[in-house]
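The structure appears right after this line, and notes come after that.
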Amino acid sequence: MLICPAIALVGPQLEPARNAAIRIIGNRIEDIGPSHQFVPFPDEEVIQLPDSILCPGFINLHTHLDYTVMAGAFPPARGKFTDWIRAINAARQQYELEEYRNAIEEGFQLLLRTGTTTAANIAAIPEVIPPLLHQAPLRIWWFLELIDLRTRLQAEQALQAALDFFDTMEAALSKKENSVLGGFGLSPHSPYTASTDLYRLAKRYAERLQAPITTHLAESLDENEMFLHASGPLYELCASLGRDNTDCGFGSPVSHLSEQAALPEKCIAVHLNYLQEYDWPLLRQANVTAVHCPRSHAFFDHARFPLERMQAEGIPICLGTDSLAANHSLDLRGEIRLAQKNYPTIPALEWLQMVTTAPAKALGQEGRLGEISVNAYADLVAFELPEAVMMSEDPSQLYQLIINSTSPPHWIAVNGKPLHCTTGP
């Protein structure tokens, strides 16, 4: 297949290449160059995109697709994080497995409509995954959520349940390897719901299998108060659920994990909204990648995300949408637009790299996802842009027009396979 867009954003730097051609063989990009240098092979399909800019598919590094069923269910929880936790835990009991499966499938389409071809999804209900493995039209990294707070399971038992699940999934993958996109990872939920024993076990298992690991960390003032001062609404809620809170009152959530050798190396740490000065070297030493979710951040009215400090410390930053229980859309372009209002000096290119090359590296897929490069997977999206912008010699204008666009991509391919992109919000 030969794709001929007006402009393609090529390589990890997303450099605009005009009148380009991208040859796809199977599921990989075989060659890239000026279109006049390419002669179609016999019977090769040629797709002309004369009014379009071709981008690598976006990567959403944090979402909860099962919570799509709760879209619009909660008003903004400004400063009331623990109240929202109570509300969502109560709401989760109201839905059947089939409703969660349908919600995840709806989430697949919402992602594709906005140009996302890969997502890191927190799987809180593993029973819904098997029927979806071979049906997902995009790449999903299924991060199995691990919690040992509300159950009577010991950490070893909680992790063994996860291992048994992965053994089952690996057997399924071996039978239909070519039909399954993405991969698996582990997600100890947070320091207040997962013990340090469980974190250490998950860390050891993830390292052995070279699987990614992600966690919610330093998300709220309530979490901060719990670990710093052994008090507050989240501290009280966890105590009422049977958590042994004697580990609280000695430092931040980050130091809580680090001092117990429980902060995973190369962890994908979601939120990191409230950090102490002594947390920064701990995050650097662990080679953590941060995930910022701007609209979820606004939903809870958190303090300003320390993005500039993250950059100064050399901590990679990616973007996610979080769930539709704390957001109204899964569109990463909207996340960037909101973030740009708070950080207007950051170039548009850097924002796009936060949803392409940076998350690809965090997933261990550098050079394979998030870029249009030879040997990369052919995960591509094409957006129509105004002709005047298409003619501009200023790359930043092209990047910004992609960010400002609100329409679905009019052409999309995942794993080298063109997909019909349904219209919708």
**Report entry** Options Ile24, Ile47; residue that is over 23 Å from Gly367 (Cβ atoms), modelled with pLDDT of 95 or more and within 31 Å of the chain's Cα centre (by Cα)
**Finding:** Ile47
Query raised in the report: Quick check, is Ser396 out of contact with any Pro (no Cβ under 6 Å at 6 or more places or on another chain), surrounded by fewer than 18 Cβ atoms within 10 Å (Cβ to Cβ), polar (S, T, N, Q) and within 17 Å of Phe58 (Cβ to Cβ)?
Result: no
Report task. Name every residue in the stretch 257-277 that is more than 21 Å from the chain's Cα centre (by Cα) and buried (at least 24 other Cβ atoms within 10 Å of the Cβ), in order of residue number. Result -> Leu257
Query raised in the report: Residues Arg28, Arg113: which one is surrounded by fewer than 19 Cβ atoms within 10 Å (Cβ to Cβ), charged (D, E, K, R), within 23 Å of Gly416 (Cβ to Cβ) and in contact (Cβ under 8 Å) with a residue 40 or more places away in the chain?
Result: Arg28
Query raised in the report: Between a first residue in the stretch 316-340 that is surrounded by fewer than 22 Cβ atoms within 10 Å (Cβ to Cβ) and a second residue that is polar (S, T, N, Q), which pairs have beta carbons less than 6 Å apart while being 6 or more apart in sequence or on different chains?
Result: Pro316/Thr289
Query - Single residue of Glu44, Glu30 found to be in a loop (DSSP other than H, G, I, E, B) and touching a strand residue (DSSP E or B) at 6+ places or on another chain (Cβ under 8 Å) - result: Glu44
**Report entry** Residues located in the stretch 356-383, provided they are outside any loop (DSSP other than H, G, I, E, B) and closer than 24 Å to Ala286 by Cα
**Finding:** Thr357, Ala358, Pro359, Ala360, Lys361, Ala362, Glu366, Leu369
Query - Residue, farthest from Gly364 (Cα to Cα), within the stretch 279-315, restricted to residues that are touching a strand residue (DSSP E or B) at 6+ places or on another chain (Cβ under 7 Å) and part of a loop (DSSP other than H, G, I, E, B) - result: Phe305
Requested in this report: Check off (1) touching a Ser or Thr at 6+ places or on another chain (Cβ under 7 Å); (2) more than 24 Å from Val355 (Cα to Cα) for Asn60 and give me the number that stays unchecked.
Outcome: (2)
Query raised in the report: Only one residue in Pro418, Pro408, Pro344 is more than 25 Å from Asn27 (Cβ to Cβ), surrounded by fewer than 23 Cβ atoms within 10 Å (Cβ to Cβ) and not β-branched (Val, Ile, Thr), so which one is that?
Result: Pro344
Query - Whichever residue in the stretch 289-306 is surrounded by fewer than 23 Cβ atoms within 10 Å (Cβ to Cβ) and in contact with a Leu (Cβ under 7 Å, 6 or more places away or on another chain) and, among such residues, is farthest from Trp351 (Cα to Cα) - result: Ala298
**Report entry** Matching entry among Leu332, Leu319, Leu369 (being within 22 Å of Trp411 (Cα to Cα), in contact with an Asp or Glu (Cβ under 9 Å, 6 or more places away or on another chain) and not aromatic (Phe, Trp, Tyr))
**Finding:** Leu369
**Report entry** Ser252 vs. criteria at pLDDT 95 or above, under 29 Å from Glu308 (Cα atoms) and of a type in the set (Gly, Ala, Ser)
**Finding:** yes
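The values are calculated or read from the model by the stated rules, or taken from the named source; none is laboratory data. Keep in mind it's a predicted model, so treat the numbers as computed, not measured. No Cβ is skipped: glycine too gets one built from the backbone with ideal geometry, and neighbour counts run over all protein chains shown.
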